[in-house]
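The values are calculated or read from the model by the stated rules, or taken from the named source; none is laboratory data. Remember, predicted model here, so these are calculated numbers, not experimental data. Positions of Cβ are generated from backbone atoms using ideal geometry, with glycine treated the same way; all protein chains shown enter the neighbour counts. Surface accessibility is based on the protein's heavy atoms, side chains included, excluding ligands, DNA and RNA. Shrake-Rupley method; radii C 1.70, N 1.55, O 1.52, S 1.80 Å.
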Amino acid sequence: MDIGLHIAKFNWPGAPGSIAPALARAAAAADEAGFSMLSVMDHLWQLDWMGDPSEEMLEAYTTLGYLAAHTKRIPLLAFVTAVTYREPGLLAKAVTTLDVLSGGRAWLGIGAGFYEAETTGLGLPLHPTAERFERLEEALAIMNQMWSDSEEPFAGRHYQLGRTLNSPQPLTRPRPPILIAGGGEKKTLRLVAQYADACNIPGNADVARKLSVLRQHCDDVGRDYDSIKKTVIGRLDPGPRGEKADEVLGELAGLAKLGVNHVQTQVIGVQDVTPLEVFAETIIPEAAKL
C-alpha cells in the first residue's frame with residue numbers, strides 16, 4: 001500500500017504570508033518521509049464541505065511548480081483538474097511543463113468537474129453532465145496525441161485543434177501517467193480502462209463493487225486490470241505521536257483486501273512538519289508491507 005500526501009487547506013496561522021514557507025517545509029518533509037505522491041486540489045475556492053469557500057486556496061499548477069522546486073523525487077499532480085477549467089491543449093502544455101521542470105515527476109489528474117458555486121462565482125464553464133464526459137474523453141485523446149509524435153489536427157465535437165504541436169515533449173515517456181477520478185460505472189470507469197494509469201474511487205462509494213466494474217471494463221477493452229493503480233482519498237490520523245497507528249494500519253489493511261493499493265491522505269497540521277515525521281516512522285514502512 002502506497003501513501004500519498006494531499007494538501008487541501010492553506011488557511012494556516014499567518015496566512016497568506018506564511019503559506020509559501022510552510023508549504024516548502026511540508027513538501028520537503030513529505031519528500032524525505034517517503035510519501036509516494038504529493039497533490040493539491042485544482043480548485044479556486046475551498047470546497048464547501050471542507051470549510052468556508054472564502055478560505056485561502058491556491059491555483060494548482062502554479063503551486064505544483066513551486067512544489068517541484070522544493071522536492072527531489074516525489075511525483076506531483078493536481079487531484080484533480082476539472083476538464084472544463086482549461087482547454088486541453090493548454091492543460092497538456094501545463095502538465096508537460098511541470099514534468100520537464102520537475103525532472104519527470106508530473107502526473108495528470110483529471111475528472112469531469114462538479115463544483116457549481118465556484119464555476120458560477122468565477123465565470124468558469126460547467127456544462128451539463130453528459131457534455132462534460134464527452135469533453136473529458138476528447139481531452140484525454142487530445143493529450144495522448146500531444147504527448148506522441150503526431151502534430152496532426154484534432155477535430156472533435158467540442159474541441160478543434162489545428163496542429164497538436166507540443167515542444168518540448170515530457171521527460172516521462174511515452175507520457176505522464178494519468179489518474180482519472182470518480183466512481184461512475186458507465187462512463188468514468190470505462191475511461192479509466194481505456195486511458196488511465198490510476199483510478200480514484202470516492203471514499204463513500206462501494207469500493208469493491210466499483211473495482212469489480214472496472215475489472216469488467218478492462219476485460220471489455222483488453223486492458224490489464226492489474227496495471228491500474230487503485231486509489232482512494234481521505235484522511236488518516238495516526239495521532240500526534242503515532243498512538244493511533246495500529247488503528248490506521250487496520251483501516252489500510254481493510255482497503256488492501258478490497259483491492260486498493262494507494263491512499264492519498266490529508267494530514268492535520270501538515271504545515272508543522274511533525275505529523276509527516278510520524279507517518280514516516282509509524283505508517284509508511286508498515287503500509288508498504290500490505
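If you check 73, 25, which single one turns out to be more than 14 Å from residue 270 (Cβ to Cβ) and basic (Lys, Arg)?
Just one listed residue meets the conditions, 73.
Can you tell me how many residues within the stretch 31-59 are at pLDDT below 95 and of a type in the set (Asp, Glu)?
The qualifying residues number 1.
How about the stretch 84-123: which of its residues are touching a residue at least 12 places away in the same chain (Cβ under 8 Å) and among the acidic types (Asp, Glu)?
87, 99, 118
Can you confirm whether the stretch 147-164 contains a residue that is on the phi < 0 side of the Ramachandran plot, open to solvent by 30 Å² or more (accessible area, probe 1.4 Å) and of a type in the set (A, V, I, L, M)?
Scanning the stretch 147-164, I find at least one residue that is on the phi < 0 side of the Ramachandran plot, open to solvent by 30 Å² or more (accessible area, probe 1.4 Å) and of a type in the set (A, V, I, L, M), so the answer is yes.
It is to be established whether one or more residues within the stretch 164-174 are closer than 22 Å to residue 188 by Cα, of a type outside the set (A, V, I, L, M), in contact (Cβ under 8 Å) with a residue 60 or more places away in the chain and not in a helix (DSSP H, G or I).
no
What pairs can you find where one residue is in the stretch 175-187 and in contact (Cβ under 8 Å) with a residue 12 or more places away in the chain, the other is buried (at least 18 other Cβ atoms within 10 Å of the Cβ) and of a type in the set (Gly, Ala, Ser), and their Cβ atoms are less than 6 Å apart, with a gap of 6+ or different chains?
These pairs meet every condition: 176/106; 178/196; 179/109; 179/198; 180/196; 181/111; 182/111.
Which pairs have Cβ atoms under 7 Å, sit 6 or more apart or on different chains, and link a residue in the stretch 1-20 that is surrounded by fewer than 17 Cβ atoms within 10 Å (Cβ to Cβ) to one that is hydrophobic (A, V, I, L, M, F, W, C)?
Listed pairs, sorted by first residue: 18/12.
For the stretch 178-253, which fully contained strands (runs of 3 or more DSSP E) count at least 3 residues that are open to solvent by 10 Å² or more (accessible area, probe 1.4 Å) and either out of contact with any His (no Cβ under 8 Å at 6 or more places or on another chain) or at pLDDT 95 or above (or both)?
In the stretch 178-253, 229-235 are the strands (runs of 3 or more DSSP E) which contain 3 or more residues that are open to solvent by 10 Å² or more (accessible area, probe 1.4 Å) and either out of contact with any His (no Cβ under 8 Å at 6 or more places or on another chain) or at pLDDT 95 or above (or both).
When you check residue 92 against the structure, is it surrounded by 17 or more Cβ atoms within 10 Å (Cβ to Cβ), closer than 30 Å to residue 130 by Cα and small (Gly, Ala, Ser), yes or no?
yes
For residue 4, indicate whether it is of a type outside the set (A, V, I, L, M), in contact with a His (Cβ under 7 Å, 6 or more places away or on another chain) and more than 30 Å from residue 159 (Cα to Cα).
It is true that residue 4 is of a type outside the set (A, V, I, L, M), in contact with a His (Cβ under 7 Å, 6 or more places away or on another chain) and more than 30 Å from residue 159 (Cα to Cα).
Scan the stretch 256-279 residue by residue and report those that are open to solvent by 30 Å² or more (accessible area, probe 1.4 Å), touching a strand residue (DSSP E or B) at 6+ places or on another chain (Cβ under 9 Å), over 23 Å from residue 9 (Cβ atoms) and touching a residue at least 60 places away in the same chain (Cβ under 8 Å).
Once the filter is applied, which keeps residues that are open to solvent by 30 Å² or more (accessible area, probe 1.4 Å), touching a strand residue (DSSP E or B) at 6+ places or on another chain (Cβ under 9 Å), over 23 Å from residue 9 (Cβ atoms) and touching a residue at least 60 places away in the same chain (Cβ under 8 Å), the stretch 256-279 yields only 261.
Restricted to the stretch 42-81, and to residues that are open to solvent by less than 20 Å² (accessible area, probe 1.4 Å) and touching a Pro at 6+ places or on another chain (Cβ under 9 Å), which residue is nearest to residue 161 (Cα to Cα)?
That would be 77.
Could we say that residue 126 is of a type in the set (A, V, I, L, M, F, W, C), part of a helix (DSSP H, G or I), at negative phi and without any contact (Cβ under 8 Å) to a residue 60 or more places away in the chain here?
When the stated conditions are applied, residue 126 does not pass them.
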